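Okay, structure first, notes after.
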Amino acid sequence: MRIPFGTMSLTETSRKLINDCLDRKRVSGGVLVRRFEDAIANLIGVKESVTVSSGTDADMLALAVLHDFGAERGDEVILPALSYVATGHAVIHAGFKPVFVDIDPTTLNIDVSALKSAITPRTRAIMPVHLMGKPAPMDEINDIARRNNLVVVEDAAEAWGALYKGKPAGALGDMGAFSLYVAHIITTGDGGIVTTDREDYAEVLRSLRGHGRACACKVCVSTVNGGRCEKRFADTSVGDKRFHFQRLGYSSRMNDLEAALGLGSMELYDEIIAVRHRNLMAMIAGFAEFEEYFTVFPEESHERIGPHAFPFVLKPNTPFTRDELSVYLQRNGVDPRTLFTSIPTQCGGYEFLGHKLGDFPHSEYVGLHGLHIGVHQDITEDDVAYFIEVMRNFIQEHKD
């Protein structure tokens, strides 16, 4: 593949930190995880960040926090129908009922006009998704949430580097959930992280990722410094605090080897953002030539799209199909991916909710006609020009 979907930048800092971990024989979550959490909190501009084992777990645990603040199992979370299926999975596995609404077909983000009618007495949260790194309309979402006493959890899995009115994704709601998967701008190989200004939320998150244990200090003396914890046996009514479990939790911890990868990749953050954003803008500009055939989201004056990937959607009545285009791109060294699906109506695991095709027309259309390709830091300006030329040749062959 000349233009693979993703890449990973491995730094000498990461190599050194990994070797240090191995030399010390300390690889479980410790000092490097704590350093990484502090670095992400500083980057996003929030008070707290809590690492977990995947972006899906970041969504799931952020929502599971709400059970400590009055939510009950079976309560509802509103989310867009179009997203990677993990968003819907996270809602269900956190103990909630997903309530889906359609998207705005121009931005690919949740249709704010549909939010109000989706709210019921059992609604506890809204989970907007910054799909492909384009910020959701957070002013309107936060206003609706405030007026209805709802929590806003941003699914910012693809939104590293995204800005909304000058403020980073992940600091726009009550919590932000990021993915650290290998194809993302900051990566730990796998992994996820939740950002928040709420210290009480962060404390519950630290408990949830460790099976719900009562031991949830921001800095764990035992794992970070290898010292003796004075709190561990202080409460004789519970015995060893590390084995006292206050809530239903998960096994979702990050280890120091993963954090080492993340700390190294953060050194290149600004450089990677700049290259990826350049590639994204070049692809958007290049597709102006093909506007008869494709819809492409714009970057608006109030935002910077987090340059995760370049999405494009076939317009109705094009003289070719998505499958034909996908095969052609692959044969010419470009790795395309479908642009997700309507979770409630195009993913078989959600049939139990009782939705039917046609309930979410915009999401379903994108699910059948959308593609996206990488914009990562290993893609050069020549590669972008090559991609546009491949598209031009394909259209020339199929338009007659």
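The values are calculated or read from the model by the stated rules, or taken from the named source; none is laboratory data. Everything numeric here is computed off the predicted structure, so don't read it as measured data. For neighbour counting, all protein chains shown are included, and Cβ atoms are generated from backbone atoms with ideal geometry for every residue, glycine included. Ligands, DNA and RNA are stripped out before the accessible areas are found, and what is left, the full protein with its side chains, is counted by its heavy atoms. Shrake-Rupley method; radii C 1.70, N 1.55, O 1.52, S 1.80 Å.
Would you please classify the overall shape of region 1-92 from the alpha carbon gyration tensor, given that a ≥ b ≥ c denote the square roots of the eigenvalues, rounded means a/c under 1.5, and beyond that prolate means a/b larger than b/c while oblate covers the rest? Each step should come with its number before you reach the end.
On the way: a/c = 2.46, a/b = 1.48, b/c = 1.66.
Note, shape of region 1-92 comes out oblate.
Between region 1-67 and region 294-308, what's the alpha-carbon centroid distance in Å?
Measuring centre to centre over Cα atoms gives 27 Å.
Determine the per residue accessible area of region 345-398 with all protein chains present and a 1.4 angstrom probe, expressed in square angstrom. Walk me through the numbers before you get to the answer.
Working: 2590 Å² over 54 residues.
Here the per-residue accessible area is 48 Å².
Looking at the chain as a GNM with Cα springs under 10 Å, which of Thr87, Thr295, Thr51 has the largest mean-square fluctuation?
Of Thr87, Thr295, Thr51, the Gaussian network model singles out Thr295 as fluctuating most.
Tell me, what is the FRET efficiency for Met1 and Asn149 to the nearest 0.05, using R0 = 51 angstrom and their Cβ-Cβ distance as r? Present the calculation step by step, with values, prior to reporting the outcome.
Working: r = 49 Å, r/R0 = 0.96.
Once the sixth-power term is evaluated, E becomes 0.55.
Report, to the nearest whole %, how much of the accessible area of the chain belongs to carbon and sulfur atoms, 1.4 Å probe, protein only. Could the numbers behind the result be given before it?
Values: 8320 of 16950 Å².
C and S fraction of accessible area: 49 percent.
Report the extension gain between Lys315 and Arg73 in nm, rounded to one decimal, defined as 0.36 nm multiplied by the number of residues separating them, less their alpha carbon distance. It would help to have the intermediate numbers written out before the result.
Working: separation 242, 0.36 × 242 = 87.12 nm, distance 4.09 nm.
Taking Lys315 through Arg73 to full extension adds about 83.0 nm, to one decimal.
Order of 122-132, 18-28, 281-291, 261-271 by packing, highest average Cβ count within 10 Å first?
Working: 122-132: 25.4, 18-28: 13.4, 281-291: 15.6, 261-271: 18.9.
Descending mean neighbour count gives 122-132, 261-271, 281-291, 18-28.
May I ask you to derive the FRET efficiency for Arg247 and Glu291 from their Cβ-Cβ distance with R0 = 35 Å, giving the value to the nearest 0.05?
Result of the calculation: an efficiency of 0.10.
Can you give me the distance in nm between label points at Asp23 and Glu324, each placed 7 Å from the Cα along the Cα-to-Cβ direction?
6.0
Suppose we keep just the DSSP beta bridges with both residues in the chain; what percent of those would be antiparallel, to 5?
Numbers: 28 of 44 bridges.
Roughly 65 percent of the DSSP beta bridges within the chain come out antiparallel.
What is the chain's relative contact order, in percent, from Cα pairs under 8 angstrom and six or more apart in sequence?
Working: 849 pairs, mean separation 91.6, N = 400.
Answer for the chain is 23 percent.
What spacing in nm lies between the two simple spin-label points modelled at Asp240 and His211, each 7 Å away from Cα in the Cβ direction?
About 1.0 nm separates the two model spin labels.
For labels at Ser117 and Asn393 in the simple 7 Å Cα→Cβ model, what's the distance in nm?
4.7
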